[in-house]
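Structure first, then comments.
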Amino acid sequence: MTDTTPDETHRTSYDAALARSAKIEERIAQDPARLRMLTGDRPTGALHIGHYFGTLRNRVRLQDRGVETWVIVADYQVITDRDVVGDIRGSVRELLTDYLAAGLDPERTTIFTHSAVPALNQLMLPFLALVTQPELERNPTVKSELHAAGRSAMGGLMLNYPVHQAADILFCHGDVVPVGKDQLPHVEQTRVIARRFNERFAHGERFFREPAALLSESPTILGLDGDKMSKSRNNTVMLRMTADETSAAIRKAKTDGDRQITFDPEHRPEVSNLLTIAAQASGRAPEAIAEEIGDRGAGTLKVLTAELLNEHLAPLRARRAELEQDPGYLFTVLREGNARANAVADETLDRVREFMGMVY
Ligand code: TRP
């Protein structure tokens, strides 16, 4: 075709994704009620402030704007990179608690799980017929997850979960998918599947829409040691922590010896990360916060960051404490979400069977 290098291909497709993201953001501003958002998480436990400032808060924003909102608790995806699901019910409960505490409203947002929606899973079969092995093997996110899991052999679900994820998005005709950059290959794969389905099985009818990734503008929050924030590294601030636990964790955060506080992510990642957290929590610019602290050192920065963060999270944590008292309610919300998802998935699968002539 053309003589672009893989790197250039990658960049142009990233630029195209960015352009689509900006365009969908415009549509959200103009006509939110016509859009359907779908995104989700693997249930591996409670969420931390990286999840909250990175994605969760944005979902609540879209919901509040009037976008129809669907959130999948991707339980089958847990076993892509590990052998056992662990305490899956406990993980799902924690996730539901964080979702509702952060402001997802079950009246307006449908929260559901893979395992309870058979028709969604069945969509994977015709979708698998629309992709090729090399296409799946090229997916950079799957490759790096395989590497991170420390495995040599690729599991069948690991290889194919992007197709399953396409079913997550397409069963409900989602058109906005708020995700981080790592999920772009999956959204791209979903677009390809939608297009091929329409061409091959739906005789050119635009039955499945091609969804756009909504790329978050919020900065990445690092762990308190400067590494990637992750529970297993013990460097997080969890949403479920108390204010005192939060202050204690931030007091132990890694910084540097320069008492003059400046926002310089490249040369001072740890100090800048605390400034980013303080900025996200207060809605102020990190540079302005740095200037205010001046030469009063990392101790002052930590106290201020903990204060701003605790203040911002206080209402969320109060709701969280209430929700924790009532796990029955949380699972009722999930069952109602599953019922809604099933109704929509059944309808989509019926249409898919019709397109394929499989009506007996
Ligand atoms: N793969 C996503 C993650 O690990 C979770 C996910 C599952 C998802 N299904 C989805 C995200 C559909 C967006 C749309 O974070």
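Values quoted throughout were computed directly from the atomic coordinates according to the rules given, and no laboratory measurement underlies them. Worth saying up front: this structure is predicted, and the values here are computed from it rather than measured. Every residue, glycine as well, gets a Cβ built from its backbone with ideal geometry; the counts of neighbours run over all protein chains shown.
Is it fair to say ASP244 is without any contact (Cβ under 8 Å) to a residue 12 or more places away in the chain, touching a Lys or Arg at 6+ places or on another chain (Cβ under 9 Å) and within 26 Å of GLU94 (Cα to Cα)?
Working: without any contact (Cβ under 8 Å) to a residue 12 or more places away in the chain: yes; touching a Lys or Arg at 6+ places or on another chain (Cβ under 9 Å): no; within 26 Å of GLU94 (Cα to Cα): yes.
It is false that ASP244 is without any contact (Cβ under 8 Å) to a residue 12 or more places away in the chain, touching a Lys or Arg at 6+ places or on another chain (Cβ under 9 Å) and within 26 Å of GLU94 (Cα to Cα).
The lone criterion from (1) part of a helix (DSSP H, G or I); (2) of a type outside the set (A, V, I, L, M); (3) away from the ligand (no atom under 12 Å from the Cβ) left unmet by THR141 is number (3). Just one residue in the set ALA314, ALA321, ALA339 is among the small types (Gly, Ala, Ser), assigned to a helix (DSSP H, G or I) and more than 18 Å from ALA101 (Cα to Cα); that residue is ALA339.
Within the range 43-77, the set of residues being more than 15 Å from MET229 (Cα to Cα), within 14 Å of the ligand (Cβ to nearest atom) and among the β-branched types (Val, Ile, Thr) comprises THR69, VAL71, ILE72, VAL73.
Confirm whether VAL177 is hydrophobic (A, V, I, L, M, F, W, C), under 18 Å from THR348 (Cβ atoms) and in a strand (DSSP E or B). Full working, then the answer.
Details: hydrophobic (A, V, I, L, M, F, W, C): yes; under 18 Å from THR348 (Cβ atoms): yes; in a strand (DSSP E or B): yes.
Yes.
The set of residues in the range 186-202 being farther than 21 Å from TYR161 by Cα and either of a type in the set (A, V, I, L, M, F, W, C) or in contact with a helix residue (DSSP H, G or I) (Cβ under 8 Å, 6 or more places away or on another chain) (or both) consists of PHE201, ALA202. Within the range 58-70, being surrounded by 20 or more Cβ atoms within 10 Å (Cβ to Cβ) and touching a residue at least 60 places away in the same chain (Cβ under 8 Å) holds for ARG59, LEU62, VAL67, TRP70.
Of the candidates PRO178, PRO106, PRO185, the single residue that is surrounded by 14 or more Cβ atoms within 10 Å (Cβ to Cβ), closer than 24 Å to ARG65 by Cβ and touching a Ser or Thr at 6+ places or on another chain (Cβ under 7 Å) is PRO178.
Just checking, which of LEU215, LEU159, LEU125 is touching a residue at least 24 places away in the same chain (Cβ under 8 Å) and more than 10 Å from the ligand (Cβ to nearest atom)?
Values: LEU159 fails: touching a residue at least 24 places away in the same chain (Cβ under 8 Å); LEU125 fails: touching a residue at least 24 places away in the same chain (Cβ under 8 Å).
That would be LEU215, the only listed residue that is touching a residue at least 24 places away in the same chain (Cβ under 8 Å) and more than 10 Å from the ligand (Cβ to nearest atom).
Kindly indicate whether ALA19 is surrounded by 20 or more Cβ atoms within 10 Å (Cβ to Cβ), away from the ligand (no atom under 16 Å from the Cβ) and in a helix (DSSP H, G or I). Judged against the criteria, ALA19 is not a match.
Given the structure, is MET154 in contact with a helix residue (DSSP H, G or I) (Cβ under 9 Å, 6 or more places away or on another chain) and more than 14 Å from the ligand (Cβ to nearest atom)? Here the answer is yes, as MET154 does meet what is asked.
Residues in the range 72-123 that are more than 21 Å from PRO162 (Cα to Cα), β-branched (Val, Ile, Thr) and not in a helix (DSSP H, G or I): 2 in all. When each of VAL187, VAL192 is tested for being within 24 Å of THR110 (Cβ to Cβ) and part of a helix (DSSP H, G or I), the lone residue that passes is VAL187.
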